Structure formats: structure tokens, C-alpha cells
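The values are calculated or read from the model by the stated rules, or taken from the named source; none is laboratory data. None of the values given here were measured: they were computed from a predicted structure. Backbone-built Cβ (ideal geometry, glycine too); neighbour counts: all protein chains shown. Side chains are part of the model used for accessible areas, which takes the heavy atoms of the whole protein and leaves out ligands, DNA and RNA. Shrake-Rupley method; radii C 1.70, N 1.55, O 1.52, S 1.80 Å.
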Amino acid sequence: MTRTMKAAVLHALKTPLSIEQVPVPEPRHGELLIRVTACGICHSDLHAVDGDWTPPPVIPLIPGHEVTGTVAKAGPGVKGFHPGDAVGVPWLYSACGSCEFCLAGMETICKQAEATGYTKPGGYAEYLVAPAAYVGRLPEGTDPYAMAPILCAGVTTYRGLKRTGARPGQWVAVVGIGGLGHIAIQYARAMGLRVAAVDVSAEKLALAQALGAELVVNGSETDPAAAIQETIGGSHAAIVTAVAARAFEQAVAMLRPGGTVAYIGLPGGKADEIRASISAIVNGELSVRGSNVGTRQDLDEAVGFAARGLVRATIRTVALEEINAVLEDMRKGRIVGRAVLKIA
Ligand code: NAD
Ligand code: ZN
Ligand code: ZN
């Protein structure tokens, strides 16, 4: 008889997830069966459910890619993992390992990459399988609920900050203080950067201030680019984790000459395009870079910051049965910090 598990399943885009019993997957060669403890609810999961991106997710889909859990069983050929080991599964489910990008340490842009909770079943379930080679190891004694958001929000903003090239003592504008942004502030501070936080919600800016942002700007009340230029002469760097195209346009205008912005948010659909001033970019020698989740090395480093207590997600734990209500709250911009599914 096949064992079953509880999972939240998307059967059609833009419809509620259904909580149902599905078979527990069997780990194949090189794979781990992982018992899920927690799974953060990333805005990317909402984009998947709403079909905001091209190509759309593989349906039926179990979303979720901020997974922490323990090894339940190692498939054939797996070395170095044992039942009970604490592990995490990020968005980067796997990459090919042999293309020019993988060989150059840029597996984040491998064209054969698979995505947890998008092209492969994710962590809104009691179990999932994942290739051992791409699973993150978590230090003993880490809080699995607070650690879950590090598996995406953490590693993604950590890499994004690095890709701006900002150095200690310089200013970084963190635009969008949601699940990603509130963690970005903490990585930035741990790296010795000075933070200007921009959002359109006063509640999120209050959290930003509590987390150490020295300057907060409400983009629904003032032009944030003008405010940052006037107050600090522009920021050396910016990362954009907002879900509105306008924020990406404003971030370029926040930079001081020579500055770099890393684009992280993915509004998708009609919001996927921006207008930018060519002359501002040319004359200011500005750089606009994309940043897509992180490599396994980035993940290991990002987890290290969290394990040492330098970064800690502000979380609210919720039950799997509450998932549709949480996604609706996220659509309305009502989640402060990160909601995390408490699976075990
Ligand atoms: P979230 O919903 O928790 O946060 C989004 C934040 O943006 C909210 O605080 C909201 O108030 C703010 N915002 C909305 N409009 C704004 C504006 N005009 N100016 C400033 N702030 C504004 O979402 P999240 O989980 O943090 O994800 C953010 C985005 O990043 C999503 O599009 C997600 O898909 C994307 N993402 C990208 C990667 C990547 O690798 N590039 C990884 C994870 C998530
Ligand atoms: Zn590759
Ligand atoms: Zn994510």
C-alpha cells in the first residue's frame, strides 16, 4: 500500500490550493526524501499560483521553496547524508552541473535548472524529494521555523547585495520591505552597509527602522528617489525586492554616480517592463544587474549568517490549512515579515 501525506496542491492557475492526501514520493538515485518541518511562503509562490510568469508552473503543483526539514531516507547512491540530518531545500532544485554557466560557478543561470515548488513538487507538504547534491545542510540546533525564509529570501538578498559590489560604510537602498527586504536589511547591516529602506507601507517601514535602517522613505507619500538624493546624495547601491515596476524605475534614480542596482523582484505580467533614462545611466555610469536566487555556496554563506544570529527572519507561523488566506493577505500587501508554514 502506498503511504500518503498531506499537501497543498494547485490544480489550475488563479484557483485556491486544495489540501489533500497524495502519495509520499520515493527518493530515486541521488535523491533524499525529506520530512518537512517548515516552509516559508514566498511571493514567488503567489506569482506561481496566479500565473504571473512565463512559462507558468508545472501543474498540478505543490508550491513552496523555503523548506527546512530532516532527512527521512536517502535514495540509492547518496553519500554523506543520514536519517535525521537537518537540511534545507531552496528554489534551485537542481542545475545541470556541466554547462558553461555551471562550470563558471553561475548555476543560478543554468538553462537546465529545475525549480522547487515550480517545476518540481515543493514544501507545502509533509514530505518532498530533492537531489542531495543541491540540498543545503543546516547547522545543528538552528530554529527550523526562523531558518526557513533564509532558504529563499535570505540567500537571494544576500547574493543580490553582493552583486551590487557595495563596500562597508556605503549606503544601500533596500526597495520593498517584505519577506525579502526585511531580511536584506539585516544582511546589509551585517556586511557593514548603511541602509535606506523604501516601501509604501508605514508598518513595513517601522519594521525596517527596528531592524536598523538609518533612513526610511514612504514611496506612497514622497518621491523616494528625490528623498534619497536630497538626504544622502544618492545611494551607492540599491536592491529592489518590490512587486511594482515603478519601484524598479525609482531605484535607478536613487543611485549616486557610479552606483549599481540589483533587480530581484519579479512583478511579471504587465508589470514586467520599465522606462529608464538612457542619459542618466550613461552619464552617471550606472549599472543595472539582475540577481536570481543564489548558488549553493551563497546558500551556505547565507545560512551561516543566520546560524550565527546576525540575521533572523521576523516570522508568523501558520498551519497548512491557512495557506489560501495567507496568499490573499500577501496579494493585498498585508504580511509584515514572513509567514511560515508549520508542517511538523
Ligand atoms: P512580499 O510581498 O513579502 O514583499 C513585497 C514588498 O514590496 C511589500 O512590502 C510591498 O509593500 C512592497 N512594495 C510594493 N510596491 C512597492 C513600491 N512601489 N515601492 C516600494 N515597495 C513596494 O514579497 P517577497 O516574498 O519579499 O518577494 C518580492 C519579490 O521578489 C517577488 O516578486 C518575488 O517573486 C521576487 N523574488 C525574486 C527572487 C529572485 O531570485 N530574483 C527570489 C525570491 C523572490
Ligand atoms: Zn548548467
Ligand atoms: Zn522565493
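See the values below:
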read-out	value
Most to least packed among 30-40, 13-23 [average Cβ atoms within 10 Å]	30-40, 13-23
Charge dipole (the chain, unit charges on Cβ, about Cα centre) - positive-most of Ala227, Gly30, Asn283	Gly30
More than 24 angstrom apart: percent of Cα pairs within segment 1-135	29 percent
Solvent exposure of the chain as accessible area per residue, Å², 1.4 Å probe	43 Å²
Total charge dipole magnitude, the chain, about the Cα centre, Cβ charges on Lys, Arg, Asp, Glu only, Debye to nearest 20	420 debye
Charge dipole (the chain, unit charges on Cβ, about Cα centre) - positive-most of Val87, Val67, Pro267	Val87
Between 0 and 90°, nearest 10: helix 296-307 axis offset from the chain longest Cα axis	80 degrees
Cross-link table Lys162/Lys332; Lys6/Lys162; Lys111/Lys162; Lys111/Lys270; Lys120/Lys204; Lys73/Lys120, entries beyond 28 Å C-alpha to C-alpha	Lys162/Lys332; Lys6/Lys162; Lys120/Lys204
Percent of beta bridges antiparallel (DSSP, the chain, rounded to nearest 5)	55 percent
Amide H contacts under 5 Å for Lys120, placed H, 5+ residues apart	Ala115
Cα-only Debye scattering, segment 154-290: base-10 log of I(q)/I(0) at q = 0.13, 0.20, 0.21 Å⁻¹	-0.44, -1.14, -1.27
Simple Cβ-charge dipole of segment 154-290, Lys/Arg +1 and Asp/Glu -1, about Cα centre, in debye nearest 20	500 debye
Gyration tensor over alpha-carbon atoms, the chain, equivalent ellipsoid semi-axes in Å	34, 21, 19
Rounded percent of accessible protein surface that carbon and sulfur make up, segment 150-298, 1.4 Å probe	49 percent
17 Å Cα-Cα reach of Lys342 towards aspartates and glutamates, excluding residues that sit fewer than 8 places from it in its own chain	Glu20, Asp45, Glu66, Glu126, Asp143, Glu321, Glu322
Ratio of the Cα radius of gyration of segment 222-344 to 2.2 N^0.38 Å, where N counts its residues	1.29
